[in-house]
1. Given (1) more than 9 Å from DNA strand D (Cβ to nearest atom); (2) closer than 23 Å to residue A:113 by Cα; (3) within 42 Å of the chain's Cα centre (by Cα), identify the lone condition not met by residue B:32.
2. When only residues in the stretch A:153-190 that are within 30 Å of residue A:65 (Cα to Cα) and of a type in the set (Phe, Trp, Tyr) count, which is modelled with the lowest pLDDT?
3. Failed condition for residue A:77, given (1) in contact with a Pro (Cβ under 6 Å, 6 or more places away or on another chain); (2) near DNA strand C (Cβ under 9 Å from one of its atoms), with all others met?
4. For the subset of the stretch A:171-198 comprising residues that are assigned to a loop (DSSP other than H, G, I, E, B), small (Gly, Ala, Ser) and touching a Ser or Thr at 6+ places or on another chain (Cβ under 8 Å), which member is nearest to residue A:254 (Cα to Cα)?
5. For the stretch A:3-56, how many residues are more than 8 Å from DNA strand C (Cβ to nearest atom), outside any helix (DSSP H, G or I) and within 14 Å of chain B (Cβ to nearest Cβ)?
6. Open to solvent by less than 30 Å² (accessible area, probe 1.4 Å), within 16 Å of DNA strand D (Cβ to nearest atom) and more than 12 Å from every other protein chain (Cβ to nearest Cβ), is that true of residue B:66?
7. Take the residues in the stretch B:70-104 that are under 17 Å from the mean Cα position of the chain (by Cα) and among the hydroxyl-bearing types (Ser, Thr, Tyr), then tell me which one is modelled with the highest pLDDT.
8. Filter the stretch B:266-283 for residues that are in contact with an Asp or Glu (Cβ under 8 Å, 6 or more places away or on another chain) and open to solvent by less than 20 Å² (accessible area, probe 1.4 Å); which is nearest to the other protein chains (Cβ to nearest Cβ)?
2 protein chains.
Amino acid sequence: MNTTSTPKIKDVAIAAGVSTATVSRALSKPETVAEETRNAVLDAARATGYRINHAARNLRRQKTGAIVVLVPNLGNPFFSEILAGIESTLANSGMGVLMVDTQQSQGNKHLFTDYLHHSRADGIISLDGSLSNDLIDELQSGAESQPIVFACEWHHSDIFPSARVNNRRGAALAIDHLYQLGHRDIGYVGGPPGNVLTQVRAEGAMNALTELGCKTYENWSFQGDFSLQSGAKVAQEWLSMKTRPTALFCANDEMALGVISELHANGLEVPKHLSVIGFDDIDVAQYFLPPLTTISQPRLELGITAVNLLLERLQNSANADPHEHTVLPVKLINRKSTAALC
Amino acid sequence: MNTTSTPKIKDVAIAAGVSTATVSRALSKPETVAEETRNAVLDAARATGYRINHAARNLRRQKTGAIVVLVPNLGNPFFSEILAGIESTLANSGMGVLMVDTQQSQGNKHLFTDYLHHSRADGIISLDGSLSNDLIDELQSGAESQPIVFACEWHHSDIFPSARVNNRRGAALAIDHLYQLGHRDIGYVGGPPGNVLTQVRAEGAMNALTELGCKTYENWSFQGDFSLQSGAKVAQEWLSMKTRPTALFCANDEMALGVISELHANGLEVPKHLSVIGFDDIDVAQYFLPPLTTISQPRLELGITAVNLLLERLQNSANADPHEHTVLPVKLINRKSTAALC
DNA sequence: ATTGCCACTGTAATCGATTACATCTATGGT
DNA sequence: ACCATAGATGTAATCGATTACAGTGGCAAT
C-alpha cells in the first residue's frame, strides 16, 4: 500500500489476494464472484480506502456517467427549481450533472458544442427550446448524435422527446378565469418572440378569446422577455394607451409581478384598476402583494420526468420512442391579483 | 477515416500525415510545432470532425477539467445567481461545472463523498458552510485532500479560502439605518441556528445595537430558515407578542418578504406598523410592494472571485495562501419598507 | 570537417479500470 | 472412469490521449 497516492485497483487486488479483474467484478457485478471472495475484496477496498478512478472507467466503458443540462438563465428561479428535480433524480442513479448556461455560452460557440460532445456527457437535458438549428443538426447527425430530451420548453421542430405541461390548456384556463370575472378586454404579455412558450401560450390565449367571442387587438399583445423589468416596461406601455385591456394574462409570473409593481408605483392598484394573471406559480407568487393568481406547473416533476425519459433512452437506445412527450397537468391558482370587473 | 464512429487522434494523424504525438502537440501546445505542420493538423482535425476524448485526456493528465459546486438549496434564487457567476467564469477557462444539492445529498452520504473525490473533479466550491466535520476532515486528509474554497458562507473552522462579504458591516449598516429612523426597539430574524451567516449577522447586529445603547431582548431574536414561509411564521409570532420591536432586521430578503406578506394578510402595513429590512437584494426585492430596503451583496462577483481563488490554487498548489479570504463590500439599498418611527 | 545545439517530430510507455478469452476446479450424468 | 458443463478466477488486450525520451536534420561556430 502506498501512502502518498490514492490506492488503485491493483492495491486492492494485492490486499485481497486476488486479481484486478476479480476486484473489478466484485465491485461492479457482485453476483458474478463467490461470496467469500467478494467479502475479501470489499474489506480490502474499505481498508485501503479505494475510490474508483472515473476517468479510467469512462475511457474503458465509453461513457461518462454524467449528463449536461442546458439552462437558458441560471439566475431565474423558475429554472433552478426544475434543476433541483433533475439533480436529485440523477444523483440517485449515481450520475453527475454538468450545468451550462446557454445565454452565457452562445457567444462562445466553440466551447459550447464541445460540452455537448460525447466524451463529456452521456446525454443532454435542455431547458432551452431556442437552440440554434446548426446545433440541433449537429446533435442529430451521425457521429455527434446524442440522446437529448427537453424539459418545459422544446425545440421548434419538436422531434425530440420532452417533458412539458399542457400550455394551451393553461392559457385557456387563464383566459376563462378572466372571462368569468367579466373581463372582455384581455391583453397578453409574452416573452421573447422566438420562444416556444411565448408562442404556444399566445395561441392558447387567442383561441380561447375568439371562442369566447372576445376581440383581440394587435397592440394588446405586449412583448416582454420573462424578466421582472420587462413586466415593468409593459406596465408603462399599458399606462400610455388610450384604450386599454382591463386584464392581462402574462406568460410568466415575473413579468406579472413587474407589471403590478410598476402600476403601483404609478398610483394604480391591482386588481382594482387591472387584473393580472401569471404563469408558473413561482415561490414568491403567493407572498406577493397582492398574492398572484397564476397557472401552476409542477416544476419538480418536470425535472424528474425529463431525467426518466433520458435514462430510459440511455438504457435501451434502440426501442425507445423517439418522439415521446410526457404532458403534465396544469392548474389554476386563484389568488388576489384578479377581480371582477366593475 | 471511419464514418461509423467518432474520429480519434490517430485518424487525424493519418489525415495530416504526421504522428499522433504531433497532433496532440499541435492541439494543446501549438507553439511547439512548426507552423506548416500545425496548419496541416488543424485542417485535418477540421476535416475529420475530430473532438477530443476527455476521458482519455483526463486519465493521462490526472485531472478532470471540472469542478463541483456544493449548493445548499438549488431552488433558492440567491444561490442560483452566484452559480451563474461561477458557471460563466469557469466556462471561459474550459472547465465544467458539476452541481450538487447538499440538502438532497446529505442523506446519501456515500454518493456524496464519491462526488467529491479526485477523479470526478479537480476542486470544490462550496456555497454551503454547514458541511459536516467528518466530511471536512476527509477533504483535508492526505490522499483525499482536495482544493476547496467557500463562497458566501464558510466553514465554521474557517481554515479554507473564501469569497465573502463583510457581513458584520452589513448588519451594522442595517441597524444604523433603523436607528437613524428613530427605532430603538429592533428585532432580528435569523436563519437556521447553525448557519454561519445567521450567527455573524446576529453578532454584527447585536454589537451595533449595544453600541447605540439599544436594549436587546432574547425573544426579539426570531428563528427562521431563510424561506419565505418561515418569514410568515415570524410575523405570526411578532403579532402575538405584547411588547414588540418596531423594526425587524432579517438575515435575508425572503424572510423579510414573508414577514411583510403575512403582516399585510393580517391587516397591518409595512412600513407603517413595522419597519423591515432584509439582506441580499434579490431581484424581486425592488419590485415588491413596498420595495424592500435591504443590504446588497455582489452575487455575481462572489461567484467569480471564488472561481479565481480556486483556479489560482489549482495552478500553483504550493505557494498559495491557504487562508486567503476575499471580502467584498456591502451596500445599503434604501427603499420603502423602512420608515421613521412616529 | 567536426562538433554542438536547436527545432522539430516520431516511438512507445503510460494513465487505471474493464472485459474477452483462457484456464482451472468441481460436479453430475452416463 | 470419463466427459460435459458451469462457476470462479486469472491473463492480458483495450479504451484514446499525453509525454518522456530518442532520434533527425539543419545551421553556426570552431
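1. With (1) more than 9 Å from DNA strand D (Cβ to nearest atom); (2) closer than 23 Å to residue A:113 by Cα; (3) within 42 Å of the chain's Cα centre (by Cα) applied to residue B:32, the lone miss is (2).
2. Here the residue is A:160.
3. Only one criterion is unmet by residue A:77, namely (2).
4. Among those that are assigned to a loop (DSSP other than H, G, I, E, B), small (Gly, Ala, Ser) and touching a Ser or Thr at 6+ places or on another chain (Cβ under 8 Å), it is A:191.
5. 3
6. So residue B:66 does not fit the description; no.
7. Result: B:89.
8. B:282
The values are calculated or read from the model by the stated rules, or taken from the named source; none is laboratory data. Nothing here was measured: the structure is a model prediction, and the numbers come from that model. Cβ coordinates were reconstructed from backbone atoms using ideal geometry, including for glycine residues, and neighbour counts include every protein chain displayed. Each accessible area value is taken on the protein alone, full model and side chains, heavy atoms only, with ligands, DNA and RNA left out. Shrake-Rupley method; radii C 1.70, N 1.55, O 1.52, S 1.80 Å.
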